[in-house]
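Asker: Here it is: the structure, laid out below.
The values are calculated or read from the model by the stated rules, or taken from the named source; none is laboratory data. Bear in mind the structure is a predicted one, so any value in this text is a computation, not a measurement. Positions of Cβ are backbone-derived with ideal geometry, glycine not excepted, and every protein chain shown enters the neighbour counts. Quick note on the areas: whole protein, heavy atoms, side chains included, nothing else; ligands and nucleic acids left out. Shrake-Rupley method; radii C 1.70, N 1.55, O 1.52, S 1.80 Å.
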Amino acid sequence: MKSKEPFDRVSAAVSESRLWRRHVDMGQIGATPRGGVNRLALTIEDALAQTQLLQWASARGYTASRDEIGNLFIRRKGTDATADAVLTGSHLDSQPTGGKYDGAYGVLAGFEVLEALDDAGIETVRPIEVVAWMNEEGSRFSPGAMGSAVFTGSASLDEMQGKTDRKGISVRDALAETAKRCPVPSRRLGEVKPAAYVEAHIEQGPRLESAKATIGVVLSIQGSRRFLVAIFGEEAHAGTTPRRHRKDAVSAAVAAISALESLTADAHDTLRFTVGCLDVYPSSPNTVAGKVTFTIDLRHPDEATLTDIGDRIHTTVKEAAALRSCTAEITNVSYVKPITFAPHVVDRVRAAARDEGYPSMDLPSGAGHDAMHLSRICPAAMVFVPCLRGVSHNEAESATPEDLAAGTRVLARVILELAG
Ligand SMILES: [Zn+2]
């Protein structure tokens, strides 16, 4: 039986006040008037946030490096220089009206673990690296989780570097700009193979708060499918065309969305169905619409359900459109399969919460995270902490110093065990 002593020591060395101060300092970079942050990927604010992290790292003597897609790594040495590193982290970029905790928490919690290990005088066999993944939010450059996707080989470096923002600035050029603003020694992609990855994050949903649980033991990340629907009718005069002669694309779209709501109705509210964009052509008040397009975002933790329901979208829409004398075309835009985290790491998260005496709860993640890519190349898991009313992607996002520290203590125990 292994001594619990170093685990208790690192946990005791986690400083709630230091962690909170770091959040306050980081929250000033790109601060918005309504209390949130605007730190889009590879902007000057993003570079300033990285510079801040690097200052803290150099004060502790940790080394830093950045790879070709802009992921930033802070390394605390292990006793075995050849051992693969244990990685932890999240992202420093935000939505344009983002909160202070989404992403930043995972980076600062990881950094707090490094400091706590130092303060407790604990050496680990494996090196530990805190990562700030590039462009998790996907707000300035699409797709999101770009840095972790390239790092794990799920996306090609060349293709992602070629992506552009709305002004036509490429990721490649923005990366060069960031390297100038915040210079860091380079590292090659693939230079470090992670032994494991654990990410701390605010829940971004209300379940922990409702259950009065401090720690979310994340079992999986639900999968998502996106579709684009185009419904074709026929433009006609709104005053002269009898309704029975119309091919009204708006009427067909309403019927289709209503049929989809029935198809996706779920007593457990696990299946998530969203129509987020809807465009009407020609969008004139006195013309019956000739065409409507809308998007569908469908999410579920279980792949079989996602496949089954998703596949039925085509016929459901076509049948509803046909009843209104319209036709429909459905395009499959993307299918990101659900992922399940490594059971042995998930078990450690649950055990660490128990050792700390925190009430915990098993749950799937409703949102995507960098951990989803990492889980494809190494054992991975996530630690959630509650956020006020589950509000996120919002300047009002809020979390308590106590909960942030609790999640960090759990993270510290898990990381220490993984790093040996
Ligand atoms: Zn995030």
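Asker: Take residue 118 and tell me if it is modelled with pLDDT of 95 or more, within 11 Å of the ligand (Cβ to nearest atom) and among the acidic types (Asp, Glu).
Answerer: No; evaluated as a whole, the condition is false for this residue.
Asker: Can you tell me which residue among 209, 177, 191 is out of contact with any helix residue (DSSP H, G or I) (no Cβ under 9 Å at 6 or more places or on another chain) and open to solvent by 40 Å² or more (accessible area, probe 1.4 Å)?
Answerer: 191
Asker: If residue 205 satisfies all but one of (1) within 16 Å of the ligand (Cβ to nearest atom); (2) in contact with a strand residue (DSSP E or B) (Cβ under 7 Å, 6 or more places away or on another chain), what's the number of the condition it fails?
Answerer: (2)
Asker: Pairs only if they're at least six apart or on different chains, beta carbon under 6 angstrom, first in segment 108-128 and touching a residue at least 12 places away in the same chain (Cβ under 8 Å), second crowded, with 17+ Cβ neighbours inside 10 Å and basic (Lys, Arg); list them, first residue then second.
Answerer: 108/22; 114/76; 120/9; 127/75; 128/76
Each row is one residue, and each column tells you yes or no for (1) open to solvent by 10 Å² or more (accessible area, probe 1.4 Å); (2) within 16 Å of the ligand (Cβ to nearest atom).
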site	(1), (2)
383	no, yes
386	yes, yes
411	no, yes
420	yes, no
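Asker: In segment 117-150, which residues are part of a loop (DSSP other than H, G, I, E, B) and of a type in the set (A, V, I, L, M)? If you could, list the steps in order and put the result at the bottom.
Answerer: Here is the first cut: in segment 117-150, the ones part of a loop (DSSP other than H, G, I, E, B) are 120-127, 133-145.
Answer for segment 117-150, where residues must be part of a loop (DSSP other than H, G, I, E, B) and of a type in the set (A, V, I, L, M): 120, 122, 125, 134, 145.
This table checks each residue for (1) open to solvent by 20 Å² or more (accessible area, probe 1.4 Å); (2) within 16 Å of the ligand (Cβ to nearest atom); (3) over 18 Å from the mean Cα position of the chain (by Cα).
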{"position": "314", "(1), (2), (3)": "yes, no, yes"}
{"position": "319", "(1), (2), (3)": "yes, no, yes"}
{"position": "328", "(1), (2), (3)": "no, no, yes"}
{"position": "343", "(1), (2), (3)": "yes, no, yes"}
{"position": "353", "(1), (2), (3)": "no, no, yes"}
{"position": "360", "(1), (2), (3)": "yes, no, yes"}
{"position": "376", "(1), (2), (3)": "yes, no, no"}
{"position": "392", "(1), (2), (3)": "yes, yes, no"}
{"position": "415", "(1), (2), (3)": "no, no, yes"}
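Asker: Here is a check on your reading of the model: is residue 115 buried (at least 18 other Cβ atoms within 10 Å of the Cβ) and either of a type in the set (S, T, N, Q) or under 22 Å from the mean Cα position of the chain (by Cα) (or both)?
Answerer: No.
Asker: Residues that are out of contact with any strand residue (DSSP E or B) (no Cβ under 8 Å at 6 or more places or on another chain): find the helices (runs of 4 or more DSSP H) completely inside segment 315-420 holding 3 or more of those.
Answerer: 343-356, 401-419
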